[in-house]
Structures are given as structure tokens and as C-alpha cells.
Amino acid sequence: MREQVYKDPRPAEYFQRFHERTRARRPDWVYEIVRLILVPYVAIVYRGRCIDSHKVPSDGPVLIAPNHFSFMDHFFVAAYLRRKVHFMAKSQLFTRPMQWVFTHGGVFPVRRGARDDEAFKTAHAILEREDLVVMYLEGGRSRSGELGQAKPGVGRLALESGVPVVPTAIVGSAKVRNWTRLQFPKVTVHFGDPIRFEKVENPTREQSQEASEIVFAEVSKLYYGLQKEGRKGAVRAARAARRAAEAASAYGHPKVESTG
């Protein structure tokens, strides 16, 4: 297994142009082309399935917080959402020629191993124009095949912005690299109930970590629930919960929403 490289030797100034473009513009036609290619690829090759995509708000700023196993996780999440999403991705990916595709396709860099405030400024700019940001709870990819540990980044952005956070479990993508052995796992994406934290100006690292762990706990429930019940069982449970919520609403009972 190749060792991960956490620190990018290039100076922060190198990435400023990517941040400036993302802050000024939404993803363009490049996003649409990539989506056109990858949606059928995900559906056919990885037999992709999504559960509860309706839980992602249809408008307004949203932070989507998944677990992370594979470079394909960006596409597994985006494939099931009608709204265009922006991804915070490690700066090492920004090399020619792909950096042009990334910056036009909604991806912006974060320099891991450094306190990269520029990445958070870009994320806030996206949320302020009421768009979606995907930020991984574990920071980098888990290489063990199991969930890793929550890092404070998601919690920091959630507390600073006060926007709803959608915990998201991705199951199956840990084995995506097995394509070299002609093995293509089934991948399932399960969106959870949005969580909203009270806005905090300049949250401490401890506050940020605590918020991340609250979201991560929900991701863990979704993830291990999928592993235990299987995809069919999780789909049945999600449908039953949705019918129950609709019935309660029809009878005038207030719908309870997760608030964190």
C-alpha cells in the first residue's frame, strides 16, 4: 500500500487562482460533461444506489459530510444529486492537466498538514451564495477498509456557517481499487437527516471536534446499518420511515427534524 503524502511542498500562492475562480463562479459545462460520463459509469459498473437523497435540501446552503475511502467518492455523492456540488479536495490532485478540469468542475484545494484558511474562505464563499459543499469527515481517505476518525474540519465549517450538515455514508467504495483484479463492488450512498448547529464565531478546536463527532456518529449509524441490514434492508427501512413520516404529517403531527 502506497504511503499517503500529507504535505504539499508547493507554496500557498500557487493555489490562490483556484480559490479565486471557485469563489467567483459556479461549476460550468465541464461539470456537466463529467457528470454525463460518470453517472452511467457509476450505475452500471458499480451498481450504484442511493438512499434518501430527498434529505439533501433542494435549495439554500448545505454542507454534505461523508466518510471517505476512494478518489471516486466525489462522484458517488454527486451522481445522485440534481444540484451541483463543490468538493474540498487535497491540493496534491491539482496538477496539469487535471487541475483545469477540477477548478471548472467545482473542486477546490485544501493543503493538508497546514492550517489552510484559504480553503475555509472558499467554502464559506460557496455557502454564502447558497450552494453545496462536500467535505470529508475523516479529512483524508481511510486506508484500513473501516471508518476512520472524525477530524475537526467539518465541525469548524458547520459552526462558523450555521448551515445544515447532511451526514452521508458511502459503503463499498473501499474496494473500488479492486478494478485492477476485475472486481467491481456495489456502492451505496445513504444520506441522513440534516443536523444544524448554533452558529459560533471563531469556534475552538475542541468545539469543532465535538461537532464533527456528532455528525460522524450519525454517519457511523448509517454505515454500519447498511453493513448489517444490507442494501435491500436499508432501502426497505428508509421507505417505511418515509411512509410513517408522511402519515404523521397527514394526521397533523409535527415532523421532528434532527438539530444536533
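See the values below:
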{"read-out": "Full-stretch length increase - E20, S53 - with 0.36 nm per residue and alpha-carbon distance subtracted", "value": "8.9 nm"}
{"read-out": "Burial ranking of peptide ranges 160-172, 72-84 (average Cβ count within 10 Å, highest at the top)", "value": "160-172, 72-84"}
{"read-out": "Candidate lysines - alpha carbon under 17 Å from K228, same-chain residues fewer than 8 apart omitted", "value": "K186"}
{"read-out": "Most mobile of K90, K232, K199 in a GNM of the chain (Cα contacts under 10 Å)", "value": "K232"}
{"read-out": "Cα centroid of the range 65-80 to Cα centroid of the range 156-183, whole Å", "value": "4 Å"}
{"read-out": "Accessible solvent surface per residue of the range 116-260, calculated while the other protein chains remain in place, 1.4 angstrom probe, Å²", "value": "54 Å²"}
{"read-out": "16 Å Cα-Cα reach of K221 towards aspartates and glutamates, excluding residues that sit fewer than 8 places from it in its own chain", "value": "D52, E138, E146, D193, E213, E229"}
{"read-out": "Mean separation of Cα contacts under 8 Å, 6 or more apart, over the residue count of the chain: relative contact order %", "value": "23 percent"}
{"read-out": "Beta bridges per DSSP with both ends in the chain, % antiparallel, nearest 5", "value": "25 percent"}
{"read-out": "25 °C / 0.890 mPa s Stokes-Einstein diffusion coefficient of the range 13-76, Kirkwood radius on C-alpha pairs, µm²/s", "value": "169 µm²/s"}
{"read-out": "Square roots of five times the Cα gyration tensor eigenvalues for the chain, Å", "value": "28, 23, 18"}
{"read-out": "Gyration tensor (Cα) of the range 151-260, equivalent ellipsoid semi-axes in angstrom", "value": "28, 25, 9"}
{"read-out": "Loop GluC sites (Glu not before Pro), the range 101-142 (other Cβ atoms within 10 Å of the site Cβ: 14 or fewer; DSSP)", "value": "E130"}
{"read-out": "Where E198, E20 fall by accessible area, highest first, once all protein chains stay in place (1.4 Å)", "value": "E198, E20"}
{"read-out": "Chain lengthening between R115 and A241 when straightened (0.36 nm per residue, less Cα-Cα)", "value": "41.3 nm"}
{"read-out": "Calculated [θ] (222 nm, deg cm²/dmol) that DSSP helices of n ≥ 4 give over the chain, each run adding -39,500 (n - 2.57)", "value": "-13500 deg cm²/dmol"}
{"read-out": "Partner aspartates and glutamates for K7 [C-alpha distance under 12 Å; skip if fewer than 8 residues away on the same chain]", "value": "D116"}
{"read-out": "Protein accessible area in the chain, 1.4 Å probe - carbon and sulfur %", "value": "54 percent"}
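The values are calculated or read from the model by the stated rules, or taken from the named source; none is laboratory data. Values in this document were obtained by computation on a predicted structure and should not be read as measured data. We place every Cβ from the backbone using ideal geometry, glycine too, and count neighbours over all the protein chains shown. Heads up: the accessible areas ignore ligands, DNA and RNA and are worked out on the full protein's heavy atoms, side chains in. Shrake-Rupley method; radii C 1.70, N 1.55, O 1.52, S 1.80 Å.
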